[in-house]
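Accompanying notes for the structure given below.
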Amino acid sequence: MTCWYRLEQTIIGVALFGAVTMAAPLCAQTAAADDGARPISLREAIELASRNAPAAVAARGLDRNAAAARRQALGSYAPNVNMSAGSGHTQGTTINNFNGQLTALSGNPWSYNNGLGLNVELFDGGRRFSEIKRIRATADVADVSATSARFDASLQVKQQFYAALAARESAAAAAAQLEQAEQQLKASSARLAAGVATKSDSLRSAILVGNARLAVLTADNDLRVANASLTRIAGSTTLITASPADTLDTPLTLPTEDELAVLATDGPAVRLATANVAVARAAKRSQRSTYLPTLTMGYNYAFSQNSAGFVGRNLLLVGGDHASRQTLNFNMTYQLYNGFSRETQSVQADVALTNAEAQLRDAQLAARQNLTSFVRSLQNAQARVQVQLAAIAASEEDLRVQQQRYALGASTLLDLLTSQTQLNESRQALIQARLDGRIARAQLSALVGREL
């Protein structure tokens, strides 16, 4: 019996030594889980992503391009203006055609010229008007794309932000699990020393401590990964993390499902598809203008003068002794045949419009589908939170009773470990339910295009 007791003490000692040696590095890792990351609020993280996310930057670039294209389309109604000016000096000799002798050049060596040309398109079959409409629709696409990119970036930030919060909550749950496991190990060791427990109880308690420390380590790693992902999505040059002050959920006051359905029909995805339809329709109208003639008007003024010396002002001189010419012309062009290129372009424009209309219809149906999915996910998560809160309360009470019964020898260690496992599972289920509810709410915000 003495030999068995010493063997049991040796095994328990090894287990306790392993638990103690793991304690220091794990505690250090938990304390340094953030790696010096700067805590920020969710609002600040979203603002960072709105400024720095590549998709948001690209969307703002589309908006600038659309504004420049709109300015260019309006400028197409004004005439094109070209101005030219030149000066030349001629000197040397030439061969006399009568006697074949070299003679010096005669006349004024300096020559000057300038000109002014204006060209305006009077009629283009409505192409410019349709092009302005198309560019305006393209500008709407850019605006909606910027809004959509902003909410997409916000959704990604929220997902990583909430993942960091869930990791913090998991770390707290794992710490509570570890504390319970260490207390149980002490109790089992004491009972073993008193001869009222078996070595199996102490070994199981040691294993429970090891599992609890692994849970702490897992939560710590999850937090590090979430911090790195949040930093990248937000575009921060320094490591950031979710502020612990945002751990608690804000009161959820959402519109009714009917109100959300109305908002979803005008969400970013639907608005983007609608704007693409407008662009396709304007492009089709613009293509039809190729079947009509075009009428242009041009005006040209030319001036030339020779002088015995260089006079810089003559470069722009329009008066005095000089030769000048003014021309006003009207031209009409009509393309009779171009190898069915217009017909091909017409078919392509019609196909593009049909595709855009199909995508709009699908976007509307997708908005309804996603609304139903997100709302049900949110409701399910809220119900799970309430159930798990009740389950945690019941598991804590059950664990308290089992601890007392085990101390009195009225129950086995297996009953006690089962109660502890149920409590740990309930805590993790509550964390997951909160995370699912937060993400579902963020998805609803991205769907309707407004913060909820």
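Residue check: is residue 419 within 27 Å of residue 165 (Cα to Cα) and among the hydroxyl-bearing types (Ser, Thr, Tyr)? Steps first, please.
Working: within 27 Å of residue 165 (Cα to Cα): yes; among the hydroxyl-bearing types (Ser, Thr, Tyr): yes.
Yes; evaluated as a whole, the condition is true for this residue.
Return the total of residues in the stretch 185-202 being buried (at least 18 other Cβ atoms within 10 Å of the Cβ) and in contact (Cβ under 8 Å) with a residue 12 or more places away in the chain. Walk me through it before giving the result.
Quick first cut of the stretch 185-202, residues buried (at least 18 other Cβ atoms within 10 Å of the Cβ) only: 185, 187-189, 191-192, 197, 201-202.
If we keep only those that are in contact (Cβ under 8 Å) with a residue 12 or more places away in the chain too, we end up with 185, 187-189, 192, 197, 201-202.
Residues that pass the stated criteria total 8.
Here is a check on your reading of the model: is residue 258 under 30 Å from residue 382 (Cβ atoms), of a type in the set (Asp, Glu) and either in contact (Cβ under 8 Å) with a residue 24 or more places away in the chain or not in a helix (DSSP H, G or I) (or both)? Walk me through how you get there before you give the answer.
Working: under 30 Å from residue 382 (Cβ atoms): yes; of a type in the set (Asp, Glu): yes; either in contact (Cβ under 8 Å) with a residue 24 or more places away in the chain or not in a helix (DSSP H, G or I) (or both): no.
Criteria not met by residue 258.
Checking residue 179 against (1) out of contact with any helix residue (DSSP H, G or I) (no Cβ under 6 Å at 6 or more places or on another chain); (2) crowded, with 19+ Cβ neighbours inside 10 Å, which test does it fail?
All conditions pass for residue 179, except number (2).
Could you please give the count of residues in the stretch 402-452 that are in a helix (DSSP H, G or I), under 35 Å from the mean Cα position of the chain (by Cα) and either surrounded by fewer than 17 Cβ atoms within 10 Å (Cβ to Cβ) or of a type outside the set (A, V, I, L, M, F, W, C) (or both)?
At the first step, the residues of the stretch 402-452 found to be in a helix (DSSP H, G or I) are 402-407, 413-448.
Filter once more, so that each one left must be under 35 Å from the mean Cα position of the chain (by Cα): 425-448.
Among the residues that remain, those that are also either surrounded by fewer than 17 Cβ atoms within 10 Å (Cβ to Cβ) or of a type outside the set (A, V, I, L, M, F, W, C) (or both) are: 425-429, 432, 434, 436-438, 441, 443, 445.
Total meeting the criteria: 13.
Please enumerate the residues belonging to the stretch 241-253 that are closer than 30 Å to residue 231 by Cβ and at pLDDT below 80.
Of everything in the stretch 241-253, those that are closer than 30 Å to residue 231 by Cβ and at pLDDT below 80 turn out to be 244, 245, 246, 247, 248, 249, 250, 251, 252.
Has the stretch 164-172 got any residue that is in contact with a strand residue (DSSP E or B) (Cβ under 8 Å, 6 or more places away or on another chain) and under 30 Å from residue 278 (Cα atoms)? Full working, then the answer.
Here is the first cut: in the stretch 164-172, the ones in contact with a strand residue (DSSP E or B) (Cβ under 8 Å, 6 or more places away or on another chain) are 164-165, 168.
The next check asks that each one be under 30 Å from residue 278 (Cα atoms); those that pass are none.
Looking for residues that are in contact with a strand residue (DSSP E or B) (Cβ under 8 Å, 6 or more places away or on another chain) and under 30 Å from residue 278 (Cα atoms), one finds none in the stretch 164-172, hence no.
For the stretch 287-297, indicate whether the set of residues that are within 29 Å of the chain's Cα centre (by Cα), surrounded by 17 or more Cβ atoms within 10 Å (Cβ to Cβ) and not acidic (Asp, Glu) is non-empty.
Filtering the stretch 287-297 for residues within 29 Å of the chain's Cα centre (by Cα) gives none.
Within the stretch 287-297 (the criterion being within 29 Å of the chain's Cα centre (by Cα), surrounded by 17 or more Cβ atoms within 10 Å (Cβ to Cβ) and not acidic (Asp, Glu)), the answer is no, since none of the residues qualifies.
One line per residue, one yes/no per condition, for (1) closer than 30 Å to residue 270 by Cα; (2) touching a Pro at 6+ places or on another chain (Cβ under 9 Å); (3) part of a helix (DSSP H, G or I); (4) modelled with pLDDT of 90 or more:
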{"site": "290", "(1), (2), (3), (4)": "no, no, yes, no"}
{"site": "295", "(1), (2), (3), (4)": "no, no, no, no"}
{"site": "319", "(1), (2), (3), (4)": "no, no, no, no"}
{"site": "325", "(1), (2), (3), (4)": "no, no, no, no"}
{"site": "360", "(1), (2), (3), (4)": "yes, no, yes, yes"}
{"site": "363", "(1), (2), (3), (4)": "yes, no, yes, yes"}
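Would you please name the residue that is surrounded by the fewest Cβ atoms within 10 Å (Cβ to Cβ), looking only at residues in the stretch 349-390 that are without any contact (Cβ under 8 Å) to a residue 24 or more places away in the chain and hydroxyl-bearing (Ser, Thr, Tyr)?
Residue satisfying both the conditions and the ranking: 354.
Among the residues of the stretch 329-347 satisfying the criterion of being part of a strand (DSSP E or B) and surrounded by fewer than 10 Cβ atoms within 10 Å (Cβ to Cβ), which is modelled with the lowest pLDDT?
333
The values are calculated or read from the model by the stated rules, or taken from the named source; none is laboratory data. Bear in mind that the values here come from a model prediction, so they are computed numbers and not experimental data. FYI the Cβ positions are ideal-geometry reconstructions off the backbone, even for glycines, and counts take in every protein chain you see.
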